[in-house]
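See structure below.
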Amino acid sequence: MRGNARVTGGTLGPLTLDTADLAVHAARERIVIDRAEMTTPELSATAAGSLGLFAAEPIDLQVHAATNHLAQLVYDASRRRVPITGSFESTLSVGGTYRAPTLAAGFDATSVLAYGIPITSLFGEVRLRGHELCFPMPA
């Protein structure tokens, strides 16, 4: 089984979509995301990977997102204002299972002005396993 979908001018929760494209296929007991792309006025994102059909099946997803309008994106999603500008990118890997997901996100930002503090370059990584949030330190 294969499927394709395209949305132009829709919404995804609180976000206004410019476009969204999705191409998937079924492979045994998994859904494979061949291509997923989304653009909003504040965000562009892509995703690929696979999902099991049952709660104990593994998740293997990778998402890449970029924005030059983080403050507006945060406001659109949460109705909270944050004084931050700059160029932001993040890659998120989702693993584990539905019952016990794991998340690892790397982020990179340039020309940031956060709460009045200028930051030329900002980068790091965040990991979530169960209820444990980790900020790995470089060796």
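The values are calculated or read from the model by the stated rules, or taken from the named source; none is laboratory data. None of the values given here were measured: they were computed from a predicted structure. No Cβ is skipped: glycine too gets one built from the backbone with ideal geometry, and neighbour counts run over all protein chains shown.
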Conditions (1) touching a residue at least 12 places away in the same chain (Cβ under 8 Å); (2) charged (D, E, K, R); (3) within 21 Å of residue 13 (Cα to Cα); number of the one not met by residue 125:
(3)
For the stretch 89-139, give me every one of the strands (runs of 3 or more DSSP E) that falls completely inside it and has 2 or more residues that are small (Gly, Ala, Ser) and more than 20 Å from the chain's Cα centre (by Cα).
101-114
When you look at residue 85, is it among the hydroxyl-bearing types (Ser, Thr, Tyr), within 21 Å of residue 46 (Cα to Cα) and part of a strand (DSSP E or B), yes or no?
no
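Please find, within the stretch 63-80, the residue that is nearest to residue 99 (Cα to Cα) out of those that are polar (S, T, N, Q) and outside any loop (DSSP other than H, G, I, E, B).
Quick first cut of the stretch 63-80, residues polar (S, T, N, Q) only: 67-68, 72, 78.
Restricting the remaining residues to those that are outside any loop (DSSP other than H, G, I, E, B) gives 67, 72, 78.
Numbers: 67: 30, 72: 32, 78: 26 Å.
Among them, the one singled out is 78.
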Answer yes if at least one residue in the stretch 43-66 is more than 30 Å from residue 1 (Cβ to Cβ), touching a Phe, Trp or Tyr at 6+ places or on another chain (Cβ under 6 Å) and modelled with pLDDT of 95 or more, and no otherwise.
no
May I ask you to say which residue of 73, 133 is of a type outside the set (Val, Ile, Thr) and surrounded by 13 or more Cβ atoms within 10 Å (Cβ to Cβ)?
73
Can you pull out the residues in the stretch 63-76 that are touching a strand residue (DSSP E or B) at 6+ places or on another chain (Cβ under 9 Å) and within 19 Å of residue 107 (Cα to Cα)?
63, 64, 65, 66, 67, 68, 69, 70, 71, 73, 74
From the list 28, 2, 81, exactly one residue is over 17 Å from the mean Cα position of the chain (by Cα) and within 30 Å of residue 124 (Cβ to Cβ). Which is it?
81
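Tally time: how many residues in the stretch 97-139 are of a type in the set (Ser, Thr, Tyr) and more than 27 Å from residue 30 (Cβ to Cβ)? Working first, answer last.
Of the stretch 97-139, the ones of a type in the set (Ser, Thr, Tyr) are 97-98, 102, 110-111, 115, 120-121.
Remaining after also requiring more than 27 Å from residue 30 (Cβ to Cβ): 110-111, 115, 120-121.
Total satisfying the criteria: 5.
Matching residues to (1) more than 30 Å from residue 136 (Cα to Cα); (2) surrounded by 13 or more Cβ atoms within 10 Å (Cβ to Cβ); (3) in contact with a Gly (Cβ under 9 Å, 6 or more places away or on another chain):
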site	(1), (2), (3)
4	yes, no, no
10	yes, no, no
31	yes, yes, yes
51	no, yes, no
63	no, yes, yes
83	no, no, yes
103	no, yes, yes
106	no, yes, yes
